[in-house]
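> Next up is a structure, given as structure tokens.
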Amino acid sequence: MVPSAPQQPAGDVVREIPLEQIDRNPYQTRTHFDETALTELADSIRVSGVVQPITVRPVNGRFQLVTGERRWLASKKAGKATVPAIVRQVSNEQAMEITIIENLQREDLNPVEQARAYERLSREFSLTQEQMAQRTGKDRSSVSNFLRLLKLPEAVLKMVEGNQLSFGHAKALMSLDSAEGIAKLAQKAVQLSMSVRQVEGAVYNLLHPEPHEEPKPAKPTDPNVREAERTLQAALGVKVQIKDNHGRGKIVLEYKSLEDFDRVLELLEVKH
């Protein structure tokens, strides 16, 4: 089959396009591609070809990827000259939104890549957390947690990107205010291979330090109440104190900014 030239009209017909005429997607939010998985895909393409066509758009006499970067890279790795593609006329804004949303619907993005993708959707398209959740099929609380992730120190984000810390570890660390304290506990968690529960416990102890002087005898905190405090802190990202008296009491949420206040209200779905 003769390769299609960039000047041909765009449409949804699958066409074989020379790999050398395709440029990478400048809006790609993925920064890591598993080399082993890429090699396996290349081996499959070498034998069976590309099953699902990529999507491109014409730009300055060439083609630019919109979706299907792994298939494009694997085809090059497999030594293919062309790749099946659908050409679509989309604007820069549409290309960016399609790319980001497609990536967010995948399961193999690391948490930091997902967080940066949501942040870009918010910044570039002024989408609310609710709108981003609807477009990607995620819970709004998940979107909120991913966006909060970017407030962690860069060194900690690198640990999450490198799979040294999980998203669960990161969520627990978010409850701390001090960047230095977060980085210190994150390093300790990696060195000691701490579980998420252990990190939550360490965070709780940092937020509720034992007094230096012996106070008046106090009623010991019920383990169930303490566990509930940890769970709420991890979910809401603010300091939580539960004052229980035989099944009656109150829950105190301490926020340090209007952004924290609005986020907690949104997570609790409180209208104001």
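The values are calculated or read from the model by the stated rules, or taken from the named source; none is laboratory data. Every value quoted in this text rests on a predicted model; they were computed, and no experiment measured them. Ideal geometry is used to build each Cβ from the backbone, glycine not excepted, and the neighbour counts take in all protein chains shown.
> Could you list, in sequence order, all residues of segment 163-188 that are aliphatic (A, V, I, L, M) and over 21 Å from the mean Cα position of the chain (by Cα)?
Residue satisfying the conditions is LEU185 alone.
> Continuing with the same structure: Regarding ARG106, is this residue within 14 Å of the chain's Cα centre (by Cα), under 21 Å from ALA170 (Cβ atoms) and either at pLDDT 85 or above or part of a helix (DSSP H, G or I) (or both)?
Working: within 14 Å of the chain's Cα centre (by Cα): yes; under 21 Å from ALA170 (Cβ atoms): yes; either at pLDDT 85 or above or part of a helix (DSSP H, G or I) (or both): no.
No: the conditions fail for ARG106.
> Could I ask something else about it? Taking only pairs six or more apart or across chains, which ones have beta-carbon atoms under 6 Å, a first residue in segment 186-197 that is over 19 Å from GLU154 (Cβ atoms), and a second residue that is of a type in the set (Lys, Arg)?
Between residues of segment 186-197 that are over 19 Å from GLU154 (Cβ atoms) and residues that are of a type in the set (Lys, Arg), there is no close pair.
> A follow-up question, please. Tell me, yes or no, whether segment 221-239 has at least one residue that is crowded, with 16+ Cβ neighbours inside 10 Å, at pLDDT below 85 and in a loop (DSSP other than H, G, I, E, B).
Within segment 221-239, one or more residues are crowded, with 16+ Cβ neighbours inside 10 Å, at pLDDT below 85 and in a loop (DSSP other than H, G, I, E, B).
> Yes or no: ARG135 surrounded by fewer than 18 Cβ atoms within 10 Å (Cβ to Cβ), of a type outside the set (Ser, Thr, Tyr), modelled with pLDDT under 85 and under 23 Å from the mean Cα position of the chain (by Cα)?
yes
> If GLY247 passes every condition in (1) at pLDDT below 85; (2) more than 23 Å from the chain's Cα centre (by Cα); (3) on the phi < 0 side of the Ramachandran plot but one, which one does it miss?
With respect to (1) at pLDDT below 85; (2) more than 23 Å from the chain's Cα centre (by Cα); (3) on the phi < 0 side of the Ramachandran plot, GLY247 is out only on (3).
> Condition check: more than 30 Å from VAL156 (Cα to Cα), touching a residue at least 40 places away in the same chain (Cβ under 8 Å), of a type outside the set (Gly, Ala, Ser) and in contact with a Phe, Trp or Tyr (Cβ under 6 Å, 6 or more places away or on another chain). Does GLN21 satisfy that?
Numbers: more than 30 Å from VAL156 (Cα to Cα): yes; touching a residue at least 40 places away in the same chain (Cβ under 8 Å): yes; of a type outside the set (Gly, Ala, Ser): yes; in contact with a Phe, Trp or Tyr (Cβ under 6 Å, 6 or more places away or on another chain): yes.
Considered against the rule, which asks whether it is more than 30 Å from VAL156 (Cα to Cα), touching a residue at least 40 places away in the same chain (Cβ under 8 Å), of a type outside the set (Gly, Ala, Ser) and in contact with a Phe, Trp or Tyr (Cβ under 6 Å, 6 or more places away or on another chain), GLN21 comes out as yes.
> Turning to a different aspect of this structure: Kindly evaluate ARG71 against the criterion of being out of contact with any His (no Cβ under 9 Å at 6 or more places or on another chain), modelled with pLDDT of 90 or more and within 27 Å of MET132 (Cβ to Cβ).
Criteria met by ARG71.
> Do we have any residue at all in segment 120-129 that's of a type outside the set (S, T, N, Q), in contact (Cβ under 8 Å) with a residue 40 or more places away in the chain, assigned to a helix (DSSP H, G or I) and over 28 Å from SER91 (Cα atoms)?
Initial filter on segment 120-129 (of a type outside the set (S, T, N, Q)): 120-121, 123-125, 127.
Adding the requirement that they be in contact (Cβ under 8 Å) with a residue 40 or more places away in the chain leaves 120.
So of that shortlist, the ones also assigned to a helix (DSSP H, G or I) come out as 120.
Narrowing further to those that are over 28 Å from SER91 (Cα atoms): none.
Scanning segment 120-129, I find no residue that is of a type outside the set (S, T, N, Q), in contact (Cβ under 8 Å) with a residue 40 or more places away in the chain, assigned to a helix (DSSP H, G or I) and over 28 Å from SER91 (Cα atoms), so the answer is no.
> Also: State which residue is modelled with the lowest pLDDT when the search covers only segment 6-39 and only residues that are under 27 Å from the mean Cα position of the chain (by Cα) and farther than 19 Å from ASN110 by Cβ.
My answer is PRO26.
> Looking only at segment 207-214, decide whether some residue is at pLDDT 90 or above, under 21 Å from ALA234 (Cα atoms) and surrounded by 17 or more Cβ atoms within 10 Å (Cβ to Cβ).
no
> Could I ask something else about it? Can you report the number of residues in segment 164-213 which are among the charged types (D, E, K, R), assigned to a helix (DSSP H, G or I) and out of contact with any helix residue (DSSP H, G or I) (no Cβ under 9 Å at 6 or more places or on another chain)?
Total satisfying the criteria: 2.
> In the set VAL160, VAL112, which member is within 30 Å of LEU265 (Cα to Cα), touching a His at 6+ places or on another chain (Cβ under 8 Å) and in a helix (DSSP H, G or I)?
Criteria check complete, one pass: VAL160.
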